[in-house]
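Only one structure is covered here, and it is reproduced in the block below.
The values are calculated or read from the model by the stated rules, or taken from the named source; none is laboratory data. Model, not experiment: these values are computed from the prediction. No Cβ is skipped: glycine too gets one built from the backbone with ideal geometry, and neighbour counts run over all protein chains shown. Surface accessibility is based on the protein's heavy atoms, side chains included, excluding ligands, DNA and RNA. Shrake-Rupley method; radii C 1.70, N 1.55, O 1.52, S 1.80 Å.
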Amino acid sequence: MKRTVALISAIALILIGISMSVYNTFRAAEWENFFNEFAQNSAEIPETVVETGDENNRIAVINIEGVIQDVPESQGFLGSQAGYNHQMTIEALKNIIEDDTTKAIILNVNSPGGGVYESAEIHKYLVEAKEKGKKIYSSMGNMAASGGYYVSAPADKIFATNETITGSIGVIMQSVNYHELAEKYGVKFETYKSGEMKDMLSPTKETPESEKEYVQSIVDSMFDDFVQVVADGRGMSESEVRKIADGRIYLGSEAMKNGLVDEEGYFDDALNALKEEVGKNSQVYEIGADPSSLGFFGLKSPDLLQNLFKQNDVQTIEALMQKRQGIQPMYLYE
């Protein structure tokens, strides 16, 4: 009996060792580089034809799904996030601008928004596409809020359903402040800085009024840009936009009444309307899924690793605190 228990224990230790070895191998730089290179070479900008038709009169479907944010390279193949891929979206828009066969773009938006920079970059290339004569329609799905509306604003027509959540026009900056909690337990932080504002919004100290005013001025400036984007895209005055831009969300029917949405309809309705405008026999193609968002055997890598190696509560809290630090402005509804 003792020998059996010892044998089982030995096998368990070996399996644990193998699992950790596999994990470490996955995390190794050479594997990371190898798979990133493979993903990049496997397809530059994957396209899938979803409706056959005139190859010289094409409509591009661009999916804006999930948080509009550029995933850092350090999260690469095994740490990449499935869903929205910012670099692929930007490269696709650049290609479309130069592609004379693509006459129109339809945005398929299902997003709570995201980064200020990323939203502005998408907007920039959509405006360039319009200047090149491309028609742009936006179809809002379950949600197209904040940055999700920002990228839709330059569209020639915006479609939404009564169930769509949109609006949330505004900017938000947040951080977690735990200096009172630290004081309660006798934790002291020593900070050496080159200037008064170098530790701006630090979670380890009470935020002085001068910092709050400065951060608010940044938010206000970015909000002014958002208001102008909506005003330009929707043909509204600045004052009209500001009346509905207090950060609140709207259902699709409300958004139609206040001028943020043109027509009620689902994606197919928007696509059919666009085909009526650019040609019923247009070929429709979709910008495909990014290969680097897949892990081994088609499994999403975050799911794979998280199922193998669960975080404990302390690690989860640490990760959450790190994620919420700093002054990252967002066009985001959450």
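Out of the stretch 201-215, which residues are without any contact (Cβ under 8 Å) to a residue 60 or more places away in the chain and either closer than 15 Å to Val176 by Cβ or of a type in the set (Val, Ile, Thr) (or both)?
Scanning the stretch 201-215 gives Ser202, Thr204, Lys205, Glu206, Thr207.
Here's a check for you: in the stretch 143-167, which residue that is in contact with a Ser or Thr (Cβ under 7 Å, 6 or more places away or on another chain) and farther than 16 Å from Gly233 by Cα is least open to solvent (accessible area, probe 1.4 Å)?
By that ranking, first place goes to Ala160.
Would you list the helices (runs of 4 or more DSSP H) that sit entirely within the stretch 232-326 and hold 1 or more residues that are out of contact with any Cys (no Cβ under 7 Å at 6 or more places or on another chain) and modelled with pLDDT of 55 or more?
Result: 238-244, 252-257, 267-278, 313-323.
Kindly indicate which of Glu276, Glu240 is open to solvent by 30 Å² or more (accessible area, probe 1.4 Å) and either within 15 Å of Glu51 (Cβ to Cβ) or touching a residue at least 24 places away in the same chain (Cβ under 8 Å) (or both).
Glu276
Please count how many residues of the stretch 155-207 are in a helix (DSSP H, G or I) and touching a Leu at 6+ places or on another chain (Cβ under 7 Å).
Total meeting the criteria: 0.
Any residue at all in the stretch 95-114 that's more than 27 Å from Glu240 (Cα to Cα), open to solvent by less than 60 Å² (accessible area, probe 1.4 Å), touching a helix residue (DSSP H, G or I) at 6+ places or on another chain (Cβ under 9 Å) and basic (Lys, Arg)?
No, that holds for no residue.
Give me a count of the residues in the stretch 128-187 that are within 21 Å of the chain's Cα centre (by Cα) and at positive phi.
4
Taking the options Gly79, Gly148, Gly83, Gly115, name whichever one is closer than 15 Å to Ile62 by Cα, at pLDDT below 95 and among the small types (Gly, Ala, Ser).
Details: Gly79 fails: closer than 15 Å to Ile62 by Cα; Gly148 fails: at pLDDT below 95; Gly115 fails: closer than 15 Å to Ile62 by Cα.
One residue alone meets the criteria, Gly83.
Name the residues in the stretch 193-229 that are hydrophobic (A, V, I, L, M, F, W, C) and open to solvent by less than 50 Å² (accessible area, probe 1.4 Å), would you?
Met200, Leu201, Val215, Ile218, Val219, Met222, Phe223, Phe226, Val227, Val229
What number of residues in the stretch 141-154 are touching a helix residue (DSSP H, G or I) at 6+ places or on another chain (Cβ under 6 Å) and outside any helix (DSSP H, G or I)? Give the steps one after another, and end with the answer.
From the stretch 141-154, those touching a helix residue (DSSP H, G or I) at 6+ places or on another chain (Cβ under 6 Å) are 147, 150-151, 153-154; that's our starting set.
Still in the running and outside any helix (DSSP H, G or I): 151, 153-154.
Matching residues across the stretch 141-154 total 3.
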